[in-house]
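K.L.:
The structure is given below, and queries will be raised subsequently.
The values are calculated or read from the model by the stated rules, or taken from the named source; none is laboratory data. What you see is a predicted model, and the numbers here were worked out from it, not measured in a lab. As a convention, Cβ positions derive from the backbone with ideal geometry for all residues, glycine included, and neighbour counts pool all protein chains shown. Calculation scope for accessible area: heavy atoms of the full protein, side chains included, ligands and nucleic acids excluded. Shrake-Rupley method; radii C 1.70, N 1.55, O 1.52, S 1.80 Å.
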Amino acid sequence: MNYHHIFHSGNFADVFKHFILCLCLEKLREKENPFFVIDTHSGIGKYDLTSELANKTGEYKDGILKLFQAKNVDPLFDSYLKIVKKFNQTNPDQIETYPGSPQIIKQFLRENDKGIFAELHPQDFLLLKKNFAGNYKVKTLN
């Protein structure tokens, strides 16, 4: 199987998964103790939704794009949407970049928290490793 996250990044399942991930990480941060997160299917960490590959399926249009453009979104989505908007500051009215699980996790890591991001696909792993180079809180594995 040759799975690439880019084809599915930001789809409704991704939005649901990342929304729940944010809620879990918020709870972990409530305690002072450090926490440790392992992401076993990390992909590259962030995705260009303007790319040809993302638009091959266009799945993000029925997921993050709808939520990003929605009015009166429930406040439970605030931390998740704040992270998504952080990756789209150049043009805040449009979504061009979608943060994957590693980038979302990174936003929640405090000084003593740690993360391991693993990716099997060799080319995707190289991009993941590059995206997190120099970050002492994170280790990438292939």
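K.L.:
Given the criteria open to solvent by 30 Å² or more (accessible area, probe 1.4 Å) and either under 25 Å from Glu26 (Cα atoms) or under 16 Å from the mean Cα position of the chain (by Cα) (or both), does Lys61 qualify?
P.N.:
No; evaluated as a whole, the condition is false for this residue.
K.L.:
Given (1) in contact (Cβ under 8 Å) with a residue 40 or more places away in the chain; (2) farther than 22 Å from Glu26 by Cα; (3) not in a helix (DSSP H, G or I), identify the lone condition not met by Leu53.
P.N.:
If we test Leu53 against (1) in contact (Cβ under 8 Å) with a residue 40 or more places away in the chain; (2) farther than 22 Å from Glu26 by Cα; (3) not in a helix (DSSP H, G or I), just (3) comes out false.
K.L.:
For the stretch 24-32, state whether one or more residues are assigned to a loop (DSSP other than H, G, I, E, B) and either open to solvent by 30 Å² or more (accessible area, probe 1.4 Å) or β-branched (Val, Ile, Thr) (or both).
P.N.:
Yes, some residue in the stretch 24-32 is assigned to a loop (DSSP other than H, G, I, E, B) and either open to solvent by 30 Å² or more (accessible area, probe 1.4 Å) or β-branched (Val, Ile, Thr) (or both).
K.L.:
List pairs: first in the stretch 118-132 and over 13 Å from Asp39 (Cα atoms), second in a helix (DSSP H, G or I) and basic (Lys, Arg), Cβ under 8 Å, 6+ apart or cross-chain?
P.N.:
From the stretch 118-132, the pairs are Phe132/Lys106.
K.L.:
Quick check on Gly43: is it over 19 Å from Lys86 (Cα atoms) and open to solvent by less than 20 Å² (accessible area, probe 1.4 Å)?
P.N.:
yes
K.L.:
I've got another one for you. Listed residues Phe125, Phe117, Phe108; which is out of contact with any Leu (no Cβ under 7 Å at 6 or more places or on another chain), aromatic (Phe, Trp, Tyr) and either open to solvent by 20 Å² or more (accessible area, probe 1.4 Å) or closer than 24 Å to Val15 by Cα (or both)?
P.N.:
Phe125
K.L.:
Can you pull out every residue in the stretch 77-99 that is farther than 22 Å from Asn131 by Cβ and open to solvent by 100 Å² or more (accessible area, probe 1.4 Å)?
P.N.:
Of everything in the stretch 77-99, just one residue is farther than 22 Å from Asn131 by Cβ and open to solvent by 100 Å² or more (accessible area, probe 1.4 Å), namely Asp93.
K.L.:
Out of Phe36, Phe16, I need the residue that is exposed (fewer than 14 other Cβ atoms within 10 Å of the Cβ) and in contact with a strand residue (DSSP E or B) (Cβ under 8 Å, 6 or more places away or on another chain). Which one?
P.N.:
Phe36
K.L.:
A follow-up question, please. Looking at Lys71, Lys85, Lys66 in this structure, which one is free of Cβ contacts under 8 Å to residues at least 40 places away in the same chain and within 19 Å of Gln103 (Cα to Cα)?
P.N.:
Lys85
K.L.:
Those residues that are in contact (Cβ under 8 Å) with a residue 12 or more places away in the chain and of a type in the set (D, E, K, R), I need them from the stretch 1-48; list them, please.
P.N.:
Asp14, Lys17, Glu26, Arg29, Asp39, Lys46, Asp48
K.L.:
Among the numbered conditions (1) at pLDDT 95 or above; (2) over 17 Å from Phe12 (Cα atoms); (3) under 13 Å from the mean Cα position of the chain (by Cα), tell me where Ile38 comes up short.
P.N.:
Here Ile38 meets the rest and fails (3).
K.L.:
Take the residues in the stretch 2-12 that are within 24 Å of Gln123 (Cα to Cα) and open to solvent by 30 Å² or more (accessible area, probe 1.4 Å); name whichever of them is modelled with the lowest pLDDT. Show your work before the answer.
P.N.:
From the stretch 2-12, those within 24 Å of Gln123 (Cα to Cα) are 2-11; that's our starting set.
Right, trim to open to solvent by 30 Å² or more (accessible area, probe 1.4 Å) and you get 2-5, 7-8.
On the way: Asn2: 55, Tyr3: 68, His4: 76, His5: 84, Phe7: 89, His8: 90.
Here the residue is Asn2.
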